[in-house]
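Each reported figure results from applying straightforward, stated rules to the coordinates on display, with no laboratory input. Since the structure is predicted, the reported quantities are computational estimates derived from the model, not experimental observations. Please note: Cβ atoms are built from the backbone with ideal geometry, for glycine as well, and neighbour counts cover all protein chains shown.
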Amino acid sequence: MDNNKKTYMAKKEEVKRGCFLFDAEGKTLGRLASEIAKILRGKHRPTFTPHVDTGDRVIVVNVEKVMVTGAKEAQKIYRHYTGHVGGLRETKYQTVKERHPERILQHAVKGMMPKTKLGRAQMKKLRLFVGGEHNMQAQKPIVVQ
């Protein structure tokens, strides 16, 4: 047996970060969120290492035009707890879409990320924009179809 084969482990200093641009118009919420989470974590790279941030930055435009399937438009509810007695708050999908459309996609992606310090750090590389314009041209994003 050959003992020269070692498992490759990426180092923080070796990672070259890129930037990807997604257009959410007409895309399904969960499918788009899983693609974004994959890129944020770095799972699209052959050098993926679970304990090192090998992911890229992600910019998403037109987040208000993301779609949900079935009856979720009328039935989906977002819940959060305030920490007080009787403090469970429920907000309908339609209300969130009208007031803060970027929170819908952010919530979906966050649920697909690891619940660790690394996962929280990787979420900071996500930028969401309402409308077709963004102010991240200096990052030279690669457009994803």
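Dipole of segment 58-145, Cα-centred, from +1 at each Lys and Arg C-beta and -1 at each Asp and Glu C-beta, to the nearest 20 debye?
Details: 17 positive and 6 negative charges, 84 e Å.
Approximately 400 debye in magnitude.
GNM on the chain, alpha-carbon springs under 10 angstrom: the most fluctuating residue among VAL109, VAL15, VAL60 is VAL15. Of the residues PHE48, PHE22, the one with the fewest other Cβ atoms within 10 Å heads the list, and the complete ranking is PHE48, PHE22.
Would you mind checking LYS38/LYS65; LYS12/LYS43; LYS38/LYS76; LYS65/LYS97; LYS27/LYS97 for any pair whose Cα atoms are more than 19 angstrom apart? Kindly include the intermediate steps, with their values, before the conclusion.
Values: LYS38/LYS65 21 Å; LYS12/LYS43 15 Å; LYS38/LYS76 24 Å; LYS65/LYS97 9 Å; LYS27/LYS97 15 Å.
Exceeds cut-off: LYS38/LYS65; LYS38/LYS76.
The C-alpha atoms of the chain define a longest principal axis, and helix 101-112 lies at about 50 degrees to it.
Pull out the extension gain between LEU88 and THR116, defined as 0.36 nm times the separation in residues minus the alpha carbon to alpha carbon distance; nm, one decimal. Mind dumping the intermediate values first?
On the way: separation 28, 0.36 × 28 = 10.08 nm, distance 2.43 nm.
Gain on extension, LEU88 to THR116, equals 7.7 nm.
So how do 29-39, 82-92, 134-144 stack up, highest first, on mean other-Cβ count within 10 Å? All intermediate terms of the calculation are to be shown ahead of the outcome.
Values: 29-39: 19.0, 82-92: 8.8, 134-144: 12.4.
Packing proxy ranking, top to bottom: 29-39, 134-144, 82-92.
The relative contact order of the chain comes to 33 percent, based on Cα pairs under 8 Å that sit 6 or more residues apart.
Each of LEU88, VAL61, GLY132 was scored by the projection of its Cα onto the charge dipole of segment 52-135, and the greatest displacement toward the positive side belongs to LEU88; charges sit on the C-beta of Lys, Arg, Asp and Glu.
Once backbone amide H atoms are built at 1.01 Å from N, THR54 has THR49 as its partners under 5 Å, excluding neighbours fewer than 5 places away on the same chain. Taking only the alpha carbons of the chain, we obtain Rg and Dmax values of 17.9, 63 Å in that order. Helical content of the chain, expressed as a calculated mean residue ellipticity at 222 nm, amounts to -8000 deg cm²/dmol (DSSP H runs of 4 or more residues, -39,500 (n - 2.57) each, divided by residue number, nearest 500).
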